[in-house]
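The values are calculated or read from the model by the stated rules, or taken from the named source; none is laboratory data. These numbers were taken from a predicted model, which means no experiment stands behind them. As a convention, Cβ positions derive from the backbone with ideal geometry for all residues, glycine included, and neighbour counts pool all protein chains shown. Heads up: the accessible areas ignore ligands, DNA and RNA and are worked out on the full protein's heavy atoms, side chains in. Shrake-Rupley method; radii C 1.70, N 1.55, O 1.52, S 1.80 Å.
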Amino acid sequence: MAEVKKIRTACRSCHGGCGVIAHVKDGKVMKVEGDPESPISHGTLCSKGLAITQLVYHPDRVLYPMKKTDKGWNRISWDSALDTIAEKFKVVIERHGPEAIVIGQGTGRDYESFLYRFANLLGTPNVLTAGHMCYVSRVGATLITCGNLPVCDYEGEPKCIVVWGCNSLWTNPDEYKAEGFWRAYKKGAKLIVIDPRRGFLASKADLWLQLRPGTDAALAMGFHNVIIEEGLYDTEFVGKYIHGWDGFVERVKKYPPEHVEDITWVQRDLIREAARMYATTSPACIQWGVPVEQSINCTDCNRLLTGLMAATGNLDAPGGNVFFVPPPVRTVSEFSRHKDLSLEQRKKRLGGEQYRLASRVALISPKSAWDSILSGKPYQLKAALLCGSNPVLTRANAREVYQALQEIEFLTVIDFFLTPTGELADIFLPAATWLEQNYVGDFWKRHGYVVARQKAVEVGECWQDHKIFQELGKRMGQEKYWWDTLEQALDYMLEPSGLTWDEFKERGYLKGKMRYRKYQEKGFSTPTGKVELHSTTLEKWGHDPLPQYREVPESPVSKPELLGRYPYVLNVGLRTPTFFHSANRMIPWLREIRPDPIVEIHPETAKKHGIEAGQWVRIESPRGHIRQRAKLNHGIDPRVIVAEHGWWFPELKDPGHGWDISNVNVLTDNDPEISDPVMGSTNLRALLCNISPCDDPEEETRWEESP
Ligand SMILES: Nc1nc2c(c(=O)[nH]1)N[C@H]1C(S)=C(S)[C@@H](COP(=O)(O)OP(=O)(O)OC[C@H]3O[C@@H](n4cnc5c(=O)[nH]c(N)nc54)[C@H](O)[C@@H]3O)O[C@H]1N2
Ligand SMILES: Nc1nc2c(c(=O)[nH]1)N[C@H]1C(S)=C(S)[C@@H](COP(=O)(O)OP(=O)(O)OC[C@H]3O[C@@H](n4cnc5c(=O)[nH]c(N)nc54)[C@H](O)[C@@H]3O)O[C@H]1N2
Ligand code: SF4
Ligand SMILES: [Mo]
């Protein structure tokens, strides 16, 4: 009987990091289990991680490169696929310049450093990610405010945790594995939850602030107002380390709790109580989530939350929000070779003049890309390479996205499956999953660790994304910047630690040596060396240097004229534990848990419309309509409807795979006028809608009957 080998590695079915032991027999992964020795997950794994074998060996997974022909998809060799892409790219560069090629990815997936290295060496400033409204926007806003991203220090034992629009037990976002949060909570930390929906955490909270979706910046102003009025701030820190305090205090006076109650729907006394609890319990940390970023107030809200950490003396303090010291490996910026992109090329970045902060963190807003493709202005993108992204499902104004990707001259998609986006490609390249790759995992994160992701098996002709960029790079004249093997690239990444890849994978992980309150020696990495509540950077760019609350662009307040037709606030993008955005709908174990898209409606509201639990519901916004199945929930405001994102139906065999049936981004808007002014962040969480029972039975069952 063949022996079972146990290979220690790290999951990446979400942003990744959990330690895994893969059981391999006859070159096949039989199962995975949690690694009790992982410093990040201590043996825990979620449903997505545990279901990885069903993804790796899924019958629909694409196992070799393919080219689209008039008769459909044709299998081709890697050489032929990469040569075709390289030839096309060379023609585009010769005729239109490298800026006419857009390189894109979705959320953080641990290959961005390779993607950026390729794009920078190619000479294109146009890198399209989800960063304009997710995480990188937080990094950008904190960069200009306090020089780095402050992360909750759960090991430092916070006594109070403010969970601000985050559901980490389901999402494990970015550097936060919920396990650390849960340990800190179980040790007795007070819990404040700011969330429009009463989920598990809200039900556990000492204080739950049920705010109107999209109004977080106003609530943060309310917190500051109470803290300043009641003198609860850290006077020494404020005096020594905050730039622009007096002007900030004046601005905050405009937001007394009474006014903030009107904006946010949160009772004034509850705002006071929560602000006091946060400011007077030490240490305290704020666990922020992505909804605060997916709004017109993205940058200002991030700055305000940073301001709360600073004003209360919790910045870089044990148990507060800290700047973790990275392990001794090469920096993301160095590996990505950002300095190789010339100033001349940087200036050509689409939307760069408008979205200065997005440009500072080297990305474009998707809308700039679609506009360029569809209108040719300011110049036209001719080719795109999208790696690990399904923008037809995940970017605002999905119909426009679909049209743009249909029209672009040449599209390459790298994925595991032919998604609705993949189906639009000219060339499809099959990616290797995390079980099929060697990598220095968590390289981009700011939690102080890197973890060894070690290859357990090889499947079909799939290549790990890093290798694809390396080999395509060599074909684009970048030979001297890449390595013969991927492991040599990993040796280079690890060089400052004195370890080779082979040594690192034996060790399993590296941790930076933590030091707190580093600002006492060297200040903050901002132009003034202080925490800039008055931002000299925004001022230089001609923007308001102080944070403000802008009303949600499509809301009962800003668009009362729409209320007759669209009387509800639609809160879109609720994550579920089993799916990762648009992924995993084809995985039997996971789809069985959640077979249909769910829209949550308050029972009173449902009754008004004659909607019953489990019934299909038509959801309509000024931009279109979709349908999802009703779940009645007392834990949301009767004026709010909560819908899931990312839904398509792999079981529908037409090339669209039902991308517009239940996709909430058919309903969202990407108008630049209503995006964050410096980051281009889109309002993905709050818009207006109406609901009605789905009364067309044929439509209702369209996908249920398909083979
Ligand atoms: N309305 C609304 N829209 C949203 C959101 C919301 O809250 N509301 N959230 C937004 C957020 S925060 C984000 S980050 C974006 C995410 O947007 P995307 O990243 O575009 O979304 P996904 O569906 O995760 O990714 C797409 C594809 O990557 C593939 N994939 C997974 N791992 C790999 C890999 O290792 N290599 C390769 N090559 N492919 C891989 C999957 O099979 C999947 O098809 O969505 C956004 N969209
Ligand atoms: N299972 C799973 N995990 C994921 C993902 C996934 O798709 N599925 N996506 C990954 C990605 S890319 C990201 S960015 C992270 C995001 O993960 P989180 O930051 O945890 O974000 P969400 O789960 O979108 O929302 C968190 C909470 O905010 C609440 N909320 C909604 N709107 C608002 C609002 O306007 N204000 C406030 N204060 N709260 C609001 C929601 O009800 C929810 O309870 O998750 C990552 N992890
Ligand atoms: S939380 Fe993320 S890294 Fe951990 S097991 Fe789940 S999918 Fe994998
Ligand atoms: Mo995200």
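Does THR528 count as open to solvent by 40 Å² or more (accessible area, probe 1.4 Å), in contact (Cβ under 8 Å) with a residue 40 or more places away in the chain and away from ligand 3 (no atom under 16 Å from the Cβ)?
yes
So for region 609-625 (the condition being open to solvent by less than 50 Å² (accessible area, probe 1.4 Å), charged (D, E, K, R) and in contact with a His (Cβ under 8 Å, 6 or more places away or on another chain)), does at least one residue qualify?
So far as region 609-625 goes, no, none of its residues is open to solvent by less than 50 Å² (accessible area, probe 1.4 Å), charged (D, E, K, R) and in contact with a His (Cβ under 8 Å, 6 or more places away or on another chain).
Would you please name the residue that is most open to solvent (accessible area, probe 1.4 Å), looking only at residues in region 131-148 that are part of a loop (DSSP other than H, G, I, E, B) and more than 16 Å from ligand 1 (Cβ to nearest atom)? Don't jump to the end; show me each part of the working.
Kept after step one, since they are part of a loop (DSSP other than H, G, I, E, B), are these residues of region 131-148: 131-135, 147-148.
Those left that are additionally more than 16 Å from ligand 1 (Cβ to nearest atom): 147-148.
Numbers: GLY147: 17, ASN148: 44 Å².
Selected residue: ASN148.
Just give me the residues in region 30-44 being hydrophobic (A, V, I, L, M, F, W, C), modelled with pLDDT of 95 or more and surrounded by 21 or more Cβ atoms within 10 Å (Cβ to Cβ), in sequence order. Before the answer, list the steps.
Going through region 30-44, the residues hydrophobic (A, V, I, L, M, F, W, C) turn out to be 30, 32, 40.
Imposing the further condition that a residue be modelled with pLDDT of 95 or more reduces the set to 30, 32.
Matches in region 30-44: VAL32 only.
Among all residue pairs at least 6 apart or on different chains, which show Cβ distances below 6 Å where the first residue, located in region 166-189, is closer than 21 Å to ASP216 by Cβ and in the same structural domain as ALA205 (by TED's automatic domain parsing) and the second is open to solvent by 40 Å² or more (accessible area, probe 1.4 Å) and away from ligand 2 (no atom under 14 Å from the Cβ)?
GLU175/ARG446
Only one of GLU175, GLU179 is away from ligand 4 (no atom under 16 Å from the Cβ), open to solvent by 10 Å² or more (accessible area, probe 1.4 Å) and under 21 Å from the mean Cα position of the chain (by Cα). Can you tell me which? If you could, list the steps in order and put the result at the bottom.
Working: GLU175 fails: away from ligand 4 (no atom under 16 Å from the Cβ).
The match here is GLU179.
Consider region 93-117. How many of its residues are more than 16 Å from ligand 4 (Cβ to nearest atom) and closer than 12 Å to THR412 by Cβ?
Of the residues in region 93-117, 3 are more than 16 Å from ligand 4 (Cβ to nearest atom) and closer than 12 Å to THR412 by Cβ.
Return the residue satisfying two criteria in turn: it lies in region 105-119 and is open to solvent by 10 Å² or more (accessible area, probe 1.4 Å) and not basic (Lys, Arg), and of such residues it is farthest from ligand 3 (Cβ to nearest atom). Reasoning before the result, please.
Narrowing region 105-119 to residues open to solvent by 10 Å² or more (accessible area, probe 1.4 Å): 107-109, 112, 116.
From the residues that got through so far, the ones that are not basic (Lys, Arg) too are 107-108, 112, 116.
Numbers: THR107: 12, GLY108: 12, GLU112: 17, TYR116: 23 Å.
Restricting to residues being open to solvent by 10 Å² or more (accessible area, probe 1.4 Å) and not basic (Lys, Arg), the top hit is TYR116.
Show the residue pairs that are 6+ apart or on different chains and have beta-carbon atoms under 7 Å apart, the first residue being within region 284-312 and hydroxyl-bearing (Ser, Thr, Tyr) and away from ligand 1 (no atom under 15 Å from the Cβ), the second being outside any strand (DSSP E or B) and open to solvent by 10 Å² or more (accessible area, probe 1.4 Å).
THR312/TYR233; THR312/ASP234; THR312/ALA279
Let me spell it out: the conditions are (1) surrounded by fewer than 22 Cβ atoms within 10 Å (Cβ to Cβ); (2) out of contact with any Gly (no Cβ under 9 Å at 6 or more places or on another chain), and ILE641 meets all of them except one. Which number is the exception?
(1)
Within region 83-99, can you find the residues that are under 16 Å from LEU121 (Cβ atoms), out of contact with any Ser or Thr (no Cβ under 6 Å at 6 or more places or on another chain) and not β-branched (Val, Ile, Thr)?
If the condition is that a residue be under 16 Å from LEU121 (Cβ atoms), out of contact with any Ser or Thr (no Cβ under 6 Å at 6 or more places or on another chain) and not β-branched (Val, Ile, Thr), then ALA86, PHE89, LYS90, GLY97 are the ones that fit.
For the condition open to solvent by 40 Å² or more (accessible area, probe 1.4 Å), assigned by TED's automatic domain parsing to the domain that holds ALA643 and touching a residue at least 12 places away in the same chain (Cβ under 8 Å), what is the one hit in ILE593, ILE598, ILE587? So that I can check it myself, show each step before the final result.
Details: ILE598 fails: open to solvent by 40 Å² or more (accessible area, probe 1.4 Å); ILE587 fails: open to solvent by 40 Å² or more (accessible area, probe 1.4 Å).
Going through ILE593, ILE598, ILE587 in turn, the sole match is ILE593.
Can you tell me how many residues within region 225-242 are touching a Pro at 6+ places or on another chain (Cβ under 9 Å), crowded, with 19+ Cβ neighbours inside 10 Å and not β-branched (Val, Ile, Thr)?
As a first pass, look at region 225-242 and keep what is touching a Pro at 6+ places or on another chain (Cβ under 9 Å): 225-226, 229.
Pick out the ones that are also crowded, with 19+ Cβ neighbours inside 10 Å and you get 225-226.
Next cut, not β-branched (Val, Ile, Thr) only: 225.
Matching residues across region 225-242 total 1.
Does region 251-264 hold any residues that are surrounded by fewer than 18 Cβ atoms within 10 Å (Cβ to Cβ) and under 31 Å from the mean Cα position of the chain (by Cα), and which are they? Show your work before the answer.
From region 251-264, those surrounded by fewer than 18 Cβ atoms within 10 Å (Cβ to Cβ) are 253-254, 256, 258-259, 262; that's our starting set.
The answer is ASP262, and nothing else.
With respect to TRP444, is the statement that it is outside any strand (DSSP E or B), among the aromatic types (Phe, Trp, Tyr) and surrounded by fewer than 19 Cβ atoms within 10 Å (Cβ to Cβ) true? Quick ask: steps written out before the conclusion?
Details: outside any strand (DSSP E or B): yes; among the aromatic types (Phe, Trp, Tyr): yes; surrounded by fewer than 19 Cβ atoms within 10 Å (Cβ to Cβ): no.
No, not satisfied.
Give, as residue ranges, the helices (runs of 4 or more DSSP H) completely inside region 350-424 that count at least 3 residues that are more than 21 Å from the chain's Cα centre (by Cα), away from ligand 3 (no atom under 16 Å from the Cβ) and over 18 Å from MET66 (Cα atoms).
Details: elements: 356-360, 366-375, 391-394, 398-407.
Once the helices (runs of 4 or more DSSP H) in region 350-424 are filtered for at least 3 residues that are more than 21 Å from the chain's Cα centre (by Cα), away from ligand 3 (no atom under 16 Å from the Cβ) and over 18 Å from MET66 (Cα atoms), what remains is 366-375, 398-407.
Give all pairs with beta carbons closer than 6 Å in which a residue from region 389-404 that is closer than 16 Å to ILE661 by Cβ meets a residue that is open to solvent by less than 10 Å² (accessible area, probe 1.4 Å) and of a type in the set (Phe, Trp, Tyr); count only pairs at least 6 apart in sequence or on separate chains.
LEU393/TRP648
All but one of (1) open to solvent by 40 Å² or more (accessible area, probe 1.4 Å); (2) assigned to a loop (DSSP other than H, G, I, E, B); (3) not β-branched (Val, Ile, Thr) hold for TRP648; which doesn't?
(1)
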